[in-house]
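Colleague: Below: one structure in structure tokens.
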Amino acid sequence: MKYIGIDLGGTNLKGVAIDRKGDILYKKNIQSRTEEGPEVVIRNIIELIQNITRTVKGDNKTIAIGIAAAGVVDIENGICTWLPNLPGWKDIALVQIIEEKIGTPAYLINDVRAMTLAEKTVGAGQGIKNLVCIAIGTGIGGGIILHDQLYFGDEGFAGEIGHQVINFNGPKCTCGNYGCLEAYASGAHIILEAIRMVKQGATTIIRDLADNDLNKITPKIVALAARKGDEIAKEIWENESFYLGVGLANLVHILNPEMIIVGGGIAEGSDILIDGIRTAVCERLHLGACTDHLQIVQCKLGDIAGAVGAALWSKYSINKVINRRKR
């Protein structure tokens, strides 16, 4: 018996199969080809699910499928309401399409909520009853575990950490609001800051590391420059840590979690960022709030956390349906 999870990303589709314990049986990535529109992406999702089903044979019947998507999703009705990084993805009934094509129950969840569930169940958050998970990539997403349960809020919107306002006079965010954390501390912001400093003629090796092509500047290049002692790059990362610390300190005051898990493409392997966040959070908490009980750690499952979480979500969702029928 197995559960399949698909993480629908702007560049890749990440797929996994897990067993009842959450152990990974198989994993596979393919290109999502989002620039070709929803129909092509959905066809690729179906092909990936079929590939996983064929590969993991024996007694491992597929019980349910979970899909994690980056954006606003209607988990009750299985609709991708709006996926901002995927062209054309608005009000698409993805679950209905998958179920009609595959013939297996499918369930939808936001990608960072899925990551949060995975880290809580089989990752860094095992045994932790209250935690916050933040994913830092092109944008910033989040998820919340309260009393061992994934918290969705009234309409499934809880966890949008990147869109808390940290400066009401701040720059416009991609969401349309002003001064969001995402506008100050996302991967996109790191790139913009690095480009701005290079254009201003700052003394930095960032341009050299990018082969004199500003379009090749990435957060990884800025991190590499910082590790090499580049003062401009270090300043960019310090600012990133500062703003993330401000945002996470807000959440600590509101939720008082035992643990904050930091993940996403920007955070992976970046000890610079994690250490800076720890310092910034503790500097901004009221006396006594930052104790040894507050852990700030890196995501354990890496880039497959979303797919694993989607598979786990399908397992919990189908079990809920089965238990309801037994009553």
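The values are calculated or read from the model by the stated rules, or taken from the named source; none is laboratory data. Every value quoted in this text rests on a predicted model; they were computed, and no experiment measured them. Glycine gets a Cβ as well: all are built from the backbone with ideal geometry, and neighbour counts include every protein chain shown.
Colleague: Of the conditions (1) farther than 24 Å from residue 237 by Cα; (2) not in a loop (DSSP other than H, G, I, E, B), residue 142 clears all except one; give me its number.
Modeller: Going through (1) farther than 24 Å from residue 237 by Cα; (2) not in a loop (DSSP other than H, G, I, E, B) one by one, residue 142 breaks only (1).
Colleague: State all residues of region 248-273 that are touching a strand residue (DSSP E or B) at 6+ places or on another chain (Cβ under 8 Å), under 20 Å from residue 191 (Cβ atoms) and assigned to a helix (DSSP H, G or I); if no residue qualifies, say none.
Modeller: Across region 248-273, the qualifying residue is only 273.
Colleague: Among the residues of region 165-172, is there at least one that is touching a Phe, Trp or Tyr at 6+ places or on another chain (Cβ under 6 Å), part of a helix (DSSP H, G or I) and surrounded by 15 or more Cβ atoms within 10 Å (Cβ to Cβ)?
Modeller: no
Colleague: Just the residues that are acidic (Asp, Glu), at pLDDT 95 or above and surrounded by fewer than 18 Cβ atoms within 10 Å (Cβ to Cβ), please, taken from region 75-120.
Modeller: 91, 99, 100, listed by residue number.
Colleague: Among what's in region 11-43 and is under 17 Å from residue 102 (Cα atoms) and more than 21 Å from the chain's Cα centre (by Cα), pick the residue that is surrounded by the fewest Cβ atoms within 10 Å (Cβ to Cβ).
Modeller: 39
Colleague: Now for a different question. Scan region 33-69 for residues that are touching a Ser or Thr at 6+ places or on another chain (Cβ under 9 Å) and within 23 Å of residue 160 (Cβ to Cβ) and jot them down.
Modeller: 34, 66, 67
Colleague: I would also like to ask the following. Being assigned to a helix (DSSP H, G or I) and either modelled with pLDDT of 90 or more or of a type in the set (S, T, N, Q) (or both) is the filter here, so list the residues in region 281-304 that pass it.
Modeller: Residues satisfying the conditions are 281, 302, 303, 304.
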